[in-house]
2 protein chains.
Amino acid sequence: MNDSIDLHRRHLLLGSAGALASAGLLSVTPHAWAAQTPLPDYVNWKTPGALIVHSDKTLETRREAQGTGLVTSNERLFIRNNLPTPDPAIVADPDAWSVTFQGVKNPRSMTLGELKQLGVETVASVLQCSGNGRAFFPHGASGTQWSVGAAGCVLWTGVPMRLVIEALGGIADGSRYMTSNGGEALPDGLDPKSLVVERSVPLRAVEQALLAWELNGEPLPLAHGGPLRMVLPGFYGVNNVKYVKQVAFSPEQSDAKIQVSGYRIRPIGQSGAPDQPSMWEMNVKSWITRPLQQVKAGRVMIQGVAFGGAKPLLRVEVSTNGGDHWHMARFIGPDLGLHAWRPFLFVADLAPGSYNLASRAIDFEGDMQPRERVENERGYGNNAWLDHAVAVQVV
Amino acid sequence: MNDSIDLHRRHLLLGSAGALASAGLLSVTPHAWAAQTPLPDYVNWKTPGALIVHSDKTLETRREAQGTGLVTSNERLFIRNNLPTPDPAIVADPDAWSVTFQGVKNPRSMTLGELKQLGVETVASVLQCSGNGRAFFPHGASGTQWSVGAAGCVLWTGVPMRLVIEALGGIADGSRYMTSNGGEALPDGLDPKSLVVERSVPLRAVEQALLAWELNGEPLPLAHGGPLRMVLPGFYGVNNVKYVKQVAFSPEQSDAKIQVSGYRIRPIGQSGAPDQPSMWEMNVKSWITRPLQQVKAGRVMIQGVAFGGAKPLLRVEVSTNGGDHWHMARFIGPDLGLHAWRPFLFVADLAPGSYNLASRAIDFEGDMQPRERVENERGYGNNAWLDHAVAVQVV
């Protein structure tokens, strides 16, 4: 496959951010981003110019708006909701929010006020939609056409699930999964199991899990799952259930559609089924955030973000010639921990010409971003470095 | 000295945040904070309820709004300006901003665009006004009556000064100080030396120094010194010159009033003079951020922030009885590095009654927050644990 041709094709698939950037319509100055579709009311406090509004439930952070940020601000963080946002009344008195715990030795409900008495921890983690990178799939995978911006690295503050479990006497014998259920009202007349956001994860997720009430030091906004969200560092976004009302431990996974057949990796053309891999742990990934368009010849500061997914990140490499040669990049800023992303920098000395800039991350177990995507029906889990490469003109 | 009496007196000095809190008028829910004085136009994008507006140039983060935040958001960060804010035109095209470098082997001007080609780093550091804690001085030190909120921990992105110096051929022989000058227009008819914000720091500050264009991943806002600010981790806020236009290395300190006699520690009643210690490196400090008022008996989550100032933080201790007994607190969240603050937690089991909650931090060289403040004319550098203790009713 010819990288140059491939890069050109992919460039056309980048979505509005990429299209604007490649047309030279976007300045690198964030304040100069043109807002297109207005923000929906429930997220009208976000930075319009930093976001691509795909729909009222799906907003993507522009690639150039990810910049060198160690932490993604609430104002720039993407939105992906499965159901309409609940009534803002649920965040009016957060401490009164009640969660039911089942499948523990002493099942009961606890208010957020009670949960806050059990412990407090802050964790940095990458929040990423399973379909981040879907726009690069050539078969036209259905769903939001995310490029790289259905991801951010944020700080969550809440109580570790292990302390909650301890307070409830431990997990019931025979349990293999933890299932979280969101507090959304479901429309009448439809099968609730086909709509409910109820996700099960294996018990290995519990050690890192947090019931979180703060996002980047602010009370968790309704749009991001306030008053309380199940946060599972290392696991894809869908498992991090918003407005969490029920947490249950059980031998089997939920029988909700979103678990049984949704978020399953399968060959193109196949329907989702329980025997296919579920979108649980994230894979190793990186992408370049600048430059994305034309730059001046000389020292070019190639920057991006990289993370190990569910495993620690080892290093990240950058290529300026579409993967023929790779150079070690340097991390920028402090390491926020196992599940955070790390901004990186590689300084290249580039003469005028066309360049294909690519990055590939490697985790501590030696897993490296592959060159090619794993084709799959719904366009999940794309960490192919070739898809994420950018064509840049140096002048 | 009787701690209880002293705590009561100090409680009256806490300023509007403390007064409101002690009167039970503030909910712990941030959204419920009542805005009092409206925000000045140039900071109208900040969170009104999180700030105390002392004047149009001095805005303090409410103690309860510091919460458990690992990073202080731009919207909550305090403001302390010495001069009126420059015309917003200076942030319209940040890369065109020009800085003159003197006292180097090859003196010249560089644009921000050029500086960005030299290198990129991100550093977390506590930004704190020299007068943070002034409200606790009983002699009525002149200046803004800051309680604890002229401080925040933020992420700066910019180019390390050492790379700039390298590009300029090195520091001129015989230099002992680095002086930064802000780009503010000065009023006609007054002695510029009496007004200009021009601060000198010893060369030991240079290794950590950054010329920063991003704050928490956003382009540096004008209100915080955009387009470019001299950032000196470990040094008091005043040295972190905003809208920096000139940086000079020289054998002597600046002859501007703000350097010669301003920001000098001296006994009460004395005038400022060059032979007195300048407000350079910060000292070790901590304070409790919650609870600040009435709490329910049982498990009480005592939280706060602690930092080593210019030295690494070793540990922080909490007392529930005004300093008679101390307990080791636990840090919350990842360590953002040498100059960041660390949120801490101590869980106390408290029966109904009155409690004096105090915290004291210890740095790696064994320096510990003192019980008593060092009395001084301008109320600078207050890190006395007794002043920062809070009287709490457990019911």
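The values are calculated or read from the model by the stated rules, or taken from the named source; none is laboratory data. Being a predicted model, the structure only gives us computed values, none of them experimental. Cβ atoms come from the backbone with ideal geometry, glycine included; neighbour counts cover every protein chain shown.
Only one of these is surrounded by fewer than 23 Cβ atoms within 10 Å (Cβ to Cβ), of a type outside the set (D, E) and away from chain A (no Cβ under 14 Å): B:W326, B:W287. Name it.
None of the others qualify; the one that does is B:W326.
With the requirement that a residue be surrounded by 15 or more Cβ atoms within 10 Å (Cβ to Cβ) and not polar (S, T, N, Q), what does segment A:98-112 give you?
Listed by number, the residues that qualify are A:V99, A:F101, A:G103, A:V104, A:M110, A:L112.
Condition check ((1) crowded, with 17+ Cβ neighbours inside 10 Å; (2) under 29 Å from A:R266 (Cβ atoms); (3) touching a Ser or Thr at 6+ places or on another chain (Cβ under 6 Å)) across all residues:
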position	(1), (2), (3)
A:F307	yes, yes, no
A:E317	yes, no, no
A:S354	no, no, no
A:R360	yes, yes, no
A:R371	no, yes, no
A:E375	no, yes, no
A:R378	yes, yes, no
A:A384	yes, yes, no
A:V395	no, no, no
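Quick one: which of A:S254, A:S200, A:S286, A:S250 is small (G, A, S), touching a Gly at 6+ places or on another chain (Cβ under 7 Å) and more than 17 Å from A:G152 (Cβ to Cβ)?
Step by step, each of A:S254, A:S200, A:S286, A:S250 is checked, and only A:S250 is small (G, A, S), touching a Gly at 6+ places or on another chain (Cβ under 7 Å) and more than 17 Å from A:G152 (Cβ to Cβ).
Within segment B:338-349, which residues are part of a loop (DSSP other than H, G, I, E, B), under 11 Å from B:V305 (Cα atoms) and within 11 Å of chain A (Cβ to nearest Cβ)?
Filtering segment B:338-349 for residues part of a loop (DSSP other than H, G, I, E, B) gives B:338-341.
From what's left, under 11 Å from B:V305 (Cα atoms): B:340-341.
If the condition is that a residue be part of a loop (DSSP other than H, G, I, E, B), under 11 Å from B:V305 (Cα atoms) and within 11 Å of chain A (Cβ to nearest Cβ), then B:A340 is the only one that fits.
Listed residues A:L155, A:L210, A:L186; which is in contact with a Gly (Cβ under 6 Å, 6 or more places away or on another chain) and in contact (Cβ under 8 Å) with a residue 12 or more places away in the chain?
A:L210
Applying the selection to segment B:359-394, what residues are more than 14 Å from every other protein chain (Cβ to nearest Cβ), part of a strand (DSSP E or B) and over 18 Å from B:G149 (Cβ atoms)?
Let us first name the residues in segment B:359-394 that are more than 14 Å from every other protein chain (Cβ to nearest Cβ), namely B:359-393.
Keeping just the survivors that are part of a strand (DSSP E or B) gives B:359-363, B:368, B:390-393.
Listed by number, the residues that qualify are B:R360, B:I362, B:D363, B:M368, B:A391, B:V392, B:Q393.
Give just the number: which of (1) in contact with a His (Cβ under 8 Å, 6 or more places away or on another chain); (2) crowded, with 24+ Cβ neighbours inside 10 Å; (3) not in a strand (DSSP E or B) does A:V123 not satisfy?
Against the list (1) in contact with a His (Cβ under 8 Å, 6 or more places away or on another chain); (2) crowded, with 24+ Cβ neighbours inside 10 Å; (3) not in a strand (DSSP E or B), A:V123 comes up short only on (3).
Just to be sure, is B:S130 part of a strand (DSSP E or B), surrounded by 19 or more Cβ atoms within 10 Å (Cβ to Cβ) and among the polar types (S, T, N, Q)?
In short, no.
For segment B:123-148, which positions are within 14 Å of another protein chain (Cβ to nearest Cβ) and either touching a helix residue (DSSP H, G or I) at 6+ places or on another chain (Cβ under 9 Å) or free of Cβ contacts under 8 Å to residues at least 40 places away in the same chain (or both)?
The answer is B:V123, B:S125.
Filter segment A:154-203 for residues that are assigned to a strand (DSSP E or B) and of a type in the set (D, E, K, R) and give the result.
Scanning segment A:154-203 gives A:E198, A:R199.
Condition (residue is buried (at least 22 other Cβ atoms within 10 Å of the Cβ) and more than 10 Å from every other protein chain (Cβ to nearest Cβ)) applied to segment B:66-75: is it met by at least one residue?
The answer is no; no qualifying residue exists.
Filter segment A:196-214 down to the residues that are within 14 Å of another protein chain (Cβ to nearest Cβ) and hydrophobic (A, V, I, L, M, F, W, C), then identify the one that is farthest from A:G103 (Cα to Cα).
Among those that are within 14 Å of another protein chain (Cβ to nearest Cβ) and hydrophobic (A, V, I, L, M, F, W, C), it is A:W213.
What's the number of the condition B:D335 fails, among (1) out of contact with any Gly (no Cβ under 9 Å at 6 or more places or on another chain); (2) of a type in the set (D, E); (3) assigned to a strand (DSSP E or B); (4) within 12 Å of chain A (Cβ to nearest Cβ)?
So the condition that B:D335 fails would be (3).
Return the total of residues in segment A:97-135 being among the β-branched types (V, I, T) and either within 26 Å of the chain's Cα centre (by Cα) or modelled with pLDDT under 95 (or both).
Looking only at that region, the number is 5.
Taking B:E281 and the conditions (1) of a type in the set (D, E, K, R); (2) surrounded by 23 or more Cβ atoms within 10 Å (Cβ to Cβ); (3) within 19 Å of the chain's Cα centre (by Cα), which numbered condition does it fall short on, given that it satisfies the others?
(2)
Pull up segment B:76-97, narrow it to residues that are closer than 18 Å to B:E60 by Cβ and of a type outside the set (A, V, I, L, M, F, W, C), then point me to the one that is nearest to the other protein chains (Cβ to nearest Cβ).
B:R76
Please go through segment A:76-120 and pick out each residue that is within 22 Å of B:R330 (Cβ to Cβ), assigned to a loop (DSSP other than H, G, I, E, B) and of a type in the set (A, V, I, L, M).
A:L118, A:V120, listed by residue number.
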